[in-house]
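This report refers to the structure that appears directly beneath it.
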Amino acid sequence: MSTPTPSSRPFHWRAFASLVITVAFLVIALTGIGLYVSPPGRIANWSGWTLMGLTKANWQSVHMVFGFVFIAMAAWHLFFNWRALMTYLRSRVHAGFSRPRELAAAMAGSLALVVLTLANVTPVSLVAEYREELAESWATNDSEPPVPHIELKTVAEAAKIAEAPAEQALARLRAAGYDATPERSLADLAAQKQATPKQVYALIRMSNETASKDVAMALASGGGLGRKTLATVAQEFGIPVEKAVSALQAKGITATPDQLLREIASSNGTHAPALVEHLSAIR
């Protein structure tokens, strides 16, 4: 009697579901690590960050899709093995109740882990804290955008942020080969020529002939200033901190010397470069 060849055997759906679950788990684990070490979206999108040739958006998409695949295949696998699973669970529950101390320890440990995570208590909180530190380690004066997610801004909006005449910005972009219009976003233009939003904005900002030296330097440092306190920035600009606070209050902006610029901007509905422009006008 001949042995059936692999090609002549019927398709085994249970084996298929198990293999897909295994592959999906590995992909989720890999993409999870990739996203853990990735920079914040504002930096990744601005600078065109990639890992293994994939952008952060690519990593997020693959992670999400295979998360759904894992759930769907797990449900399918559960359908195929419902009776066996119920038998297994009954045996495990029986074994658990036959060892009450171990069961209590497992339940208490799991509950404690949930509580410590929600309460942000060390050492559990170190996982999230290290992720935050790792993400912010990508932030430099060169890598930060002038405002978060500026890649979603239109050319007209970006020109306004850069204090650049919109007509000159459009002319410079078109001269560089971009099919630029006031309504097109920086991300759209960047994708057109496989560039980065940062490179597109550089062309827009180069047309700025009106900004003062102080404002230009501040805009160049972008989000880096956002991580400095108002007192530190005022000192770097040679402005008494009390005068800086008063000047911002005159603009309807509430601030204290020990607040970070990004905190002041967030609570007042503005952005760090705009605060810098206000401070530069004090001198």
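The values are calculated or read from the model by the stated rules, or taken from the named source; none is laboratory data. These numbers were taken from a predicted model, which means no experiment stands behind them. Reconstructed Cβ throughout: ideal geometry from the backbone, glycine too, with neighbour counts over all protein chains shown.
For segment 149-186, filtering for residues that are surrounded by fewer than 19 Cβ atoms within 10 Å (Cβ to Cβ), modelled with pLDDT of 90 or more, of a type outside the set (Lys, Arg) and within 18 Å of TRP46 (Cα to Cα) leaves 5. Residues in segment 111-130: is at least one farther than 30 Å from ALA159 by Cα, among the acidic types (Asp, Glu), more than 19 Å from the chain's Cα centre (by Cα) and not assigned by TED's automatic domain parsing to the domain that holds THR270? No: zero hits.
Evaluated against (1) closer than 27 Å to ALA195 by Cβ; (2) surrounded by 15 or more Cβ atoms within 10 Å (Cβ to Cβ), SER61 falls short on exactly one condition, (2). Considering segment 40-61, the residues that are of a type in the set (Phe, Trp, Tyr) and either assigned to a helix (DSSP H, G or I) or touching a His at 6+ places or on another chain (Cβ under 7 Å) (or both) include one that is nearest to LEU189 (Cα to Cα), namely TRP46.
Within segment 118-142, residues that are surrounded by 11 or more Cβ atoms within 10 Å (Cβ to Cβ) reach partners that are basic (Lys, Arg) with beta carbons closer than 9 Å, at six or more positions or on different chains, in the pairs GLU136/ARG227; ALA139/ARG42; ALA139/ARG227; ASP142/LYS198. The condition of being of a type in the set (Phe, Trp, Tyr) and either over 30 Å from ALA195 (Cα atoms) or free of Cβ contacts under 8 Å to residues at least 40 places away in the same chain (or both) holds for TYR88. For segment 1-54, the set of residues classified as modelled with pLDDT of 90 or more and among the hydroxyl-bearing types (Ser, Thr, Tyr) consists of THR22, THR31, TYR36, SER38, listed by residue number. Among the residues of segment 31-53, those that are loosely packed, with under 15 Cβ neighbours inside 10 Å and without any contact (Cβ under 8 Å) to a residue 24 or more places away in the chain comprise ILE33, THR50, MET52, GLY53.
Go through segment 262-278 and give me each residue that's out of contact with any Phe, Trp or Tyr (no Cβ under 9 Å at 6 or more places or on another chain) and modelled with pLDDT under 85. Result: ARG262, ALA265, SER266, GLY269, THR270, HIS271, ALA272, PRO273, ALA274, LEU275, GLU277, HIS278.
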